[in-house]
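This report concerns only the one structure given below.
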Amino acid sequence: MIIFISGGARSGKSHFSEQTALSLYNQGNEENQRGCLYYIATAKTSDEEMVERIQIHQQDRGKEWKTVEESFDLERILSTCKKEDVILIDCLTIWLSNVMFERDYSLKKAEMAVNCWLSLAREGQFHLLIVSNDVNAGIPFPDKAVLTYIYSLQRLHQTIVEQSELVVEVQAGIPTYWKGER
Amino acid sequence: MQLVIGGAFSGKRKIVKDTIGTCSWVSAYQEDRIADWETRWLHGTTLVIEGWEKWIADELTTSESNDDIRSLYKALFQTLFEEEQRRKNKIVLIMLEMGKGIVPLQKKDRRLRDIAGWIAQDAAQLSDQVDYVWNGLARRLK
């Protein structure tokens, strides 16, 4: 199953995503289809604030999780995933800024990468949860680079939403189901 | 009258194109003026108007009064509403949600954001259908 989860900063989207991933993982175990539960962290531990944010997230997660840190090449990791694995990507916004600003990805290249993740999930029959952030509802930014980033992120969101079975917006920790319902 | 509102690049235009038949577009992004609606609206089509924040931004440079600008648009919505009843063809207003970021540093940006919010409320009040667009999906609010 492909799941897309988004919301504002500190809206509880990570917590909700982790709970959803954990319940898919436990459900698989009950049915004796043992998979692994992976957390793919796209953020780099480059500054103090990020280290603190990462620690908070790590403390929240239980021992069931295997954490993989990867800022760019998620295809490499996803291509090794097996049936019934549950993979949580946290988050798309940071991945996109990594590849756009450090690897000079065009929107087309980013879209190809994301489409590749989605195909791998479908073909490999593992659960893929993608967490992102809504950054497009403020005043329109005059800065060209920021505007291009927001546009690209929105395009990726729509690509993922189209191919997701479950689409959730999280506000104040409360999920709104835009597509599918559990 | 229908209001379609959502954040930047959220897929508002696509939703309108996918759900509504033949449209006459008046778009600030194509350098149209709001006053063009009367001549642009072809017989038997749905009138779609978009780019409000650009027209509002232009008003800000000529008028000091937020209330005056708001009244101007409120009167326009009323005219559109009546014309819609008369012609028996629909009007769709596409508006940009821009009130969910941090408070802008520049005064003109704060004004723009405030007025756009009020104008959206006025449009919603006159509309019998209001849809919120999020990542290519739409949810009916009214």
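The values are calculated or read from the model by the stated rules, or taken from the named source; none is laboratory data. Everything numeric here is computed off the predicted structure, so don't read it as measured data. For neighbour counting, all protein chains shown are included, and Cβ atoms are generated from backbone atoms with ideal geometry for every residue, glycine included. Surface accessibility is based on the protein's heavy atoms, side chains included, excluding ligands, DNA and RNA. Shrake-Rupley method; radii C 1.70, N 1.55, O 1.52, S 1.80 Å.
Remarks
- FRET efficiency for the pair A:GLN55 and B:LEU141, taken as 1/(1 + (r/R0)^6) with r the Cβ-Cβ distance and R0 = 41 Å, rounds to 0.55.
- Nonlocal amide H pairs with B:VAL4, under 5 Å, H built at 1.01 Å: B:LEU93, B:ILE94, B:MET95, B:ASP131
- Treating r as the C-beta distance of B:ASP114 and A:GLU75 and R0 as 45 Å, the FRET efficiency rounds to 0.50.
- Diffusion coefficient (Stokes-Einstein, Kirkwood radius over C-alpha pairs, 20 °C, 1.002 mPa s) for the stretch A:82-182: 145 µm²/s, rounded to a whole number.
- Centroid-to-centroid separation of the stretch A:3-47 and the stretch B:85-136 [C-alpha atoms, Å]: 35
- Think of the protein assembly as shown as having a plus end and a minus end, set by charges on the Cβ of Lys, Arg, Asp and Glu; of B:TRP25, A:VAL135, A:LEU78, B:TRP25 sits farthest toward the positive end of this dipole.
- The helix-only estimate of mean residue ellipticity at 222 nm for chain A, built from DSSP H runs of length n ≥ 4 each weighted as -39500 (n - 2.57), is -15000 deg cm²/dmol after division by the residue total.
- Taken per residue, the accessible surface of chain A reaches 50 Å², heavy atoms only and a 1.4 Å probe.
- Summed buried accessible surface, chains A and B, 1.4 Å probe, nearest 100 Å²: 1800
- Peptide A:129-141, shielding by other chains (average Cβ, 10 Å cutoff): 6
- Charge dipole (debye, nearest 20) of the stretch B:2-140; +1 at Cβ of Lys and Arg, -1 at Cβ of Asp and Glu: 460
- Per residue value of the accessible surface for chain B (all protein chains in place, 1.4 Å probe), Å²: 53
- Dipole of the protein assembly as shown, positive direction: furthest Cα of A:SER97, B:VAL16, B:LEU42, with charges on the beta-carbon: B:LEU42
- Take every DSSP beta bridge whose two residues both sit in the stretch B:2-140; close to 15 percent of them are antiparallel.
- Computed from backbone phi with θ = phi - 60° and the Karplus coefficients 6.51, -1.76 and 1.60, the 3J(HN,Hα) list for the stretch A:49-57 is 4, 5, 4, 5, 4, 5, 4, 4, 5 Hz; x is used for glycine and proline.
- Straight-distance crosslink candidates among lysines, where the alpha carbon sits under 29 Å from B:LYS142 and sequence neighbours closer than 8 are dropped: A:LYS13, A:LYS179, B:LYS12, B:LYS14, B:LYS17, B:LYS54, B:LYS74, B:LYS88, B:LYS90, B:LYS100
- Under the convention that each Lys and Arg Cβ holds +1 and each Asp and Glu Cβ holds -1, the size of the dipole of the protein assembly as shown around its Cα centre is about 500 debye.
- Counting only protein heavy atoms and a probe of 1.4 Å, the accessible surface of the protein assembly as shown is 49% carbon and sulfur.
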